[in-house]
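See below for the structure under consideration.
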Amino acid sequence: MKKKRILFTVIACLMAGTFVYANGTQEGGTGQGYPEGTMELYDYGQPQYWLQFFTTYLQEHPNAAPGVTVETVQTEGEADVRQKVQMSFTSGAYDELPDAIASAPVSMQALAKDGVLVDVTDYLEPLRSRFVDGTFDQITYKGRIYGLPKSLRPQLLFYNNDIFEAYGIDPSEMDTVEGYINVGRKLRDASNGYVFLSYVDPGSRTWRYYGRRGFMPQAGASIWDDEGNVVIDKDPGAKLAFSTIATLYEENLLMKTSIFQPPLYEACRDGKVATFYIGAFWDEFLRKNVEDMTGSWRVMVAPMYADLATRGAPVINIQCLVNKPGTPYSGLYKEIWETFHFNGDARKAWTDSMVQQNAPYPNPITPELLADSYWKEPCDFYGGQSFREIEGLGLVNPSTNMRVTKDDAEADLIISAELEKYIAGDQTMEQAIANMGKNLRVKIGKTEAK
């Protein structure tokens, strides 16, 4: 299998923006006889920044794993990782398997079912109490844990404060979903249609960001019932979530433009897009792509449905150990993973490096690290507001994530396709929901309950 690789070694890290732990008193570094070679990781997004933590750990602990380097294989995304690993594992090409992968609950369950992942239950159970509530809610399959949590990031609401001041609208009106929609109407009418509440990508990701990670969990929606039957076309929570999306779209509150592309950022600069109801990761894209708008943006916790009164559901970022013969570097991976979560000096040094590089970084998910005032420091980009503090507040009173099964990877494709047909104007929302239910029953039927 041909792979596109980005290789990070200790030397490369020293040449390109390395960071040094404050006092060299990190956990690990015991030297457990790891074989010389390469610990390989499959990842997506911008894995070079995550890799910097690994390479710096090896630099600071030369006796931890002499002769071991770290390499990441850049993939196209969660599904691509899953497909590559499943193919190698199923065909018995174990020499092609990575040592660890980035994943998400949907893919993790599918891989765990096929025996591709290492069961880390016994390792993690003694550590569970050291993490914030909810960290372990999405990383189990049949009662066993198959994922090492990397981050738990909430839904947030980013807004252009300049727009709100220009139109005399109080951002606190967006505390509820109902108020959020009403603010969109006010902006649309006051600007004669120039200002949109937010965006919608006509090509993809509507289900990912507005559905599965957005309004569905906040509405208490379900795709499956407790017995694994398809209920998305009958569930009252799903009806509420889809009607919210329909209201935003059909009342022209969303600008049609592709996410992560220059036209969207230009629309931000032009004052055409007022808010983003999305995960905390959006901070990275704002800071990187509209840096010239420093001081204009603010952030608040996600709006809640007035009758349900829970905030956005947090999104877990998972790292999984691959069940390859001998799992030669699983112990080393765990050493570095523990340092990331429990060593405050190491974590702050890495974060400082990310800030200097204008790179992505998540808040810690362990209360002992979060207690440090460092995680409440103000940010110039948000006009002196502390983004880190708001991210932490976003994990308070969260909605419960939807039930995930081994079939959700396939289900996501089915649901997303019908929702995109709606956005394209090829069917009504009612037709989209009906087709979701029909196609899920035909192609999947009754799924295995979690």
For segment 126-247, diffusion coefficient by Stokes-Einstein and Kirkwood Rh (Cα), 25 °C, 0.890 mPa s, µm²/s: 141
About the Cα centre, charge dipole magnitude for segment 123-167 (Lys/Arg +1, Asp/Glu -1 at Cβ), debye: 460
DSSP bridge orientation in the chain - percent antiparallel, rounded to nearest 5: 65
Nearest 10 degrees, 0 to 90: helix 78-91 Cα axis against the chain principal axis: 40
Check: segment 169-238 dipole with +1 on Lys, Arg Cβ and -1 on Asp, Glu Cβ, in debye: 380
Fraction in percent of alpha-carbon pairs per bin - 10 Å, segment 92-175: 13, 34, 19, 15, 13, 5, 0
TYR141 long-range amide H proximity, modeled H, under 5 Å: TYR146
Convex hull volume of segment 42-196 per residue (C-alpha atoms, cubic angstrom): 199
Cβ-derived FRET efficiency at R0 22 Å, GLU251 paired with SER172, nearest 0.05: 0.50
Rounded to 10°, Cα long-axis angle of helix 177-190 versus longest principal axis of the chain: 60
Mean shadow area of segment 95-143 over all directions, Cα convex hull, nm²: 4.1
Separation of alpha-carbon centers, segment 120-135 and segment 155-195, rounded to whole Å: 40
Percent of C-alpha pairs per 5 Å bin, segment 373-450, short to long: 3, 13, 15, 12, 10, 9, 10, 12, 9, 6, 1
Computed E for THR90/LYS288 - FRET, C-beta separation, R0 45 angstrom, nearest 0.05: 0.75
Whole-number Å³ per residue for the convex hull built on Cα positions in segment 195-282: 101
Positive-end residue of THR121, SER151, PHE196, charge dipole of segment 84-241 with Cβ unit charges: PHE196
List CYS320, CYS379, ordered by accessible area with a 1.4 Å probe, largest first: CYS379, CYS320
Overall dimensions of segment 265-348 as given by Cα atoms, namely Rg and Dmax in Å: 19.4, 56
Size of charge dipole - the chain - debye, nearest 20, with Cβ of Lys, Arg +1 and Asp, Glu -1, no other charges: 700
Quotient of Cα Rg and 2.2 N^0.38 Å for the chain, N being how many residues it contains: 0.99
Whole-Hz ³J(HN,Hα) from phi, Karplus 6.51 cos²θ - 1.76 cosθ + 1.60, for segment 337-346, glycine and proline x: 4, 5, 4, 4, 8, 10, 9, x, 5, 5
Solvent accessible area, Å² - LEU321, 1.4 Å probe, full protein context: 10
q = 0.15 Å⁻¹, segment 319-393: log10 I(q)/I(0) [Debye, one scatterer per Cα]: -0.61
Segment 171-323: Rg to Rh, with Rh as the Kirkwood radius over Cα pairs: 0.99
Size of segment 296-450 as Cα extents on the principal axes (Å, biggest first): 53, 52, 30
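The values are calculated or read from the model by the stated rules, or taken from the named source; none is laboratory data. Here the structure is a predicted model, which means the values were calculated and not measured. Here the Cβ is made from the backbone with ideal geometry for all residues, glycine too, and neighbour counts use every protein chain on show. Protein only, heavy atoms only, side chains kept; ligands, DNA and RNA dropped before computing areas. Shrake-Rupley method; radii C 1.70, N 1.55, O 1.52, S 1.80 Å.
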